[in-house]
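S.K.: Pasting in a structure now, in structure tokens, and then I'll have a few things to ask.
Derivation of every value follows stated rules applied to the coordinates shown; laboratory data play no part. Everything numeric in this text was worked out from a predicted model, so none of it was measured. Methodologically, a virtual Cβ is constructed for each residue, glycine included, from the backbone with ideal geometry; neighbour enumeration extends over all protein chains shown.
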Number of protein chains: 2
Amino acid sequence: MQPFVLDARLAEDSVSILKLGLCDLRLAKDSRWPWLILVPQRADISEVFDLTPLDQAMLTFEQVTVGAALKAVTGADKINIAAIGNIVRQLHVHVVARSEDDPNWPKPIWGYGTSVPYDQSAFDAMKTRILEALQ
Amino acid sequence: MQPFVLDARLAEDSVSILKLGLCDLRLAKDSRWPWLILVPQRADISEVFDLTPLDQAMLTFEQVTVGAALKAVTGADKINIAAIGNIVRQLHVHVVARSEDDPNWPKPIWGYGTSVPYDQSAFDAMKTRILEALQ
């Protein structure tokens, strides 16, 4: 079996904040919206339906846990959860907190504009709040 | 408990092709890409994490079943699965077959352009192929 190796673009665009049972939980380097990415630590998987049934169940559990935590932390108007992967084929699930005053509401975030980096203290604060909500 | 009533915009933009254990499976009236929508038949739910754990598991099962069928039918380059709901708040999950030659590849379909209706025979043919793949 091949080992899991994180896709280079995911590694560039986000930072690992926690390892869950299945996924590497990553915070995107984009301050426009609180944006988490769940990456199942399984090699050579592009589609949710290519995971084993147990991994599918784990992914669902991790998605809803992270989604509810992100909602609690941000008070977002809507949580967007999506497995798209047209560009980066390694399976990854976006969990994004959307607000009616964010830069592309109500359209989706993917493919919109360019990312706006956090300053380090704001990134660390967001990371800390999310980890506290997951405890 | 409130009864489930389908959102008016979902009713307008898609047609029910099958009732699954949890979801109404609907085919969008947009021939630009094969586009299915799963609507959990539960009242007053906007977020996946507001479903019961059993319904979450059911939704996952139905998503992967429908996603794999759509992949088999279309030979798509990528299946996109997303719960967004910034406009229509009734929980619904998009399952979309994307191809590298489709009108907005690799960007997402939501918020892009305007729908292009099927002619009735093409709609019926797509519906039939999807239902056969789900048998």
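S.K.: So how far, in whole Å, is the C-alpha centre of segment A:28-69 from the one of segment B:10-58?
M.R.: So the two Cα centres are separated by 20 Å.
S.K.: For each pair in A:Lys78/A:Lys127; A:Lys71/B:Lys127; A:Lys19/A:Lys107; A:Lys127/B:Lys71; A:Lys78/B:Lys127, compute the distance between the two Cα atoms and list the pairs where it is over 28 Å. Walk me through the numbers before you get to the answer.
M.R.: Details: A:Lys78/A:Lys127 20 Å; A:Lys71/B:Lys127 36 Å; A:Lys19/A:Lys107 30 Å; A:Lys127/B:Lys71 36 Å; A:Lys78/B:Lys127 31 Å.
In this structure, A:Lys71/B:Lys127; A:Lys19/A:Lys107; A:Lys127/B:Lys71; A:Lys78/B:Lys127 lie more than 28 Å apart at Cα.
S.K.: Find every distance from the label point of A:Asn104 to the corresponding label point in the other copies (7 Å from Cα along Cα→Cβ) and write them in nm, one decimal, shortest first.
M.R.: Nearest to farthest, the other copies are at 1.0 nm.
S.K.: If you count, for each residue, the other Cβ atoms within 10 Å and average over each peptide, how do B:27-33, A:76-82 line up from highest to lowest?
M.R.: Values: B:27-33: 17.9, A:76-82: 21.9.
Taking the mean over residues of other Cβ atoms within 10 Å, the ranking is A:76-82, B:27-33.
S.K.: For label points placed 7 Å from Cα toward Cβ, what is the shortest-first list of nm distances from A:Glu12 to its copies?
M.R.: List, nearest first: 4.2 nm.
S.K.: One quarter of the convex hull surface, Cα atoms only: what value does that give for the protein assembly as shown in nm²? All intermediate terms of the calculation are to be shown ahead of the outcome.
M.R.: On the way: hull surface 58.3 nm².
So the Cα hull casts an average projection of 14.6 nm².
S.K.: At 7 Å along the Cα-to-beta-carbon direction for both A:Phe123 and B:Tyr112, put a label point, then send me their distance in nm to one decimal.
M.R.: 3.0
S.K.: Quick one: angle between helix A:120-133 and the longest Cα principal axis of chain A, in degrees between 0 and 90, rounded to 10, please.
M.R.: 60
S.K.: Separate question: Sort shortest first the distances from A:Gln135 to its counterpart in every other copy, using label points 7 Å along the Cα-to-beta-carbon line, and give them in nm.
M.R.: Counterpart label points of A:Gln135 in the remaining copies fall at 5.6 nm.
S.K.: Residues of A:98-110, mean number of Cβ from any other protein chain within 10 Å of their own Cβ, rounded to a whole number? Kindly include the intermediate steps, with their values, before the conclusion.
M.R.: Working: counts 3, 1, 1, 0, 1, 0, 2, 2, 7, 7, 9, 2, 6.
So the per-residue partner count for this stretch is 3.
S.K.: In addition: Do the sum for chain B: with -39,500 (n - 2.57) for every DSSP H run of n ≥ 4, divided by all residues, what is the mean residue ellipticity at 222 nm, to the nearest 500 deg cm²/dmol? Kindly include the intermediate steps, with their values, before the conclusion.
M.R.: Details: 3 runs with 43 residues, N = 135.
Mean residue ellipticity at 222 nm (helix-derived): -10500 deg cm²/dmol.
S.K.: Continuing with this model, one more query. Please give the length that would be gained between A:Asp7 and A:Glu132 if that part of the chain were fully extended, namely 0.36 nm times their separation in residues minus their C-alpha to C-alpha distance (nm, one decimal).
M.R.: Numbers: separation 125, 0.36 × 125 = 45.00 nm, distance 2.71 nm.
Length gained, A:Asp7 through A:Glu132: 42.3 nm.
S.K.: Give the relative contact order (percent, whole number) for segment A:8-133; include only Cα pairs under 8 Å separated by 6+ residues.
M.R.: Working: 186 pairs, mean separation 34.8, N = 126.
Normalised by residue count, the contact order of segment A:8-133 is 28 percent.
S.K.: Any chance you could give the angle, 0 to 90 degrees and rounded to 10, that helix A:53-74 forms with the longest Cα principal axis of chain A?
M.R.: Its long axis makes an angle of about 10 degrees.
S.K.: Then there's this: Where the eigenvalues come from the Cα gyration tensor of chain A, what are the semi-axes √(5λ) of the equivalent ellipsoid, largest first, in whole Å?
M.R.: Details: eigenvalues 107, 53, 45 Å².
Ellipsoid semi-axes (Å, largest first): 23, 16, 15.
S.K.: No solvent, one uniform scatterer per C-alpha: report log10 I(q)/I(0) for segment B:1-77 via the Debye equation at q = 0.11, 0.12, 0.13, 0.17 1/Å, two decimals.
M.R.: Log10 I(q)/I(0), no solvent term: -0.30, -0.36, -0.42, -0.71.
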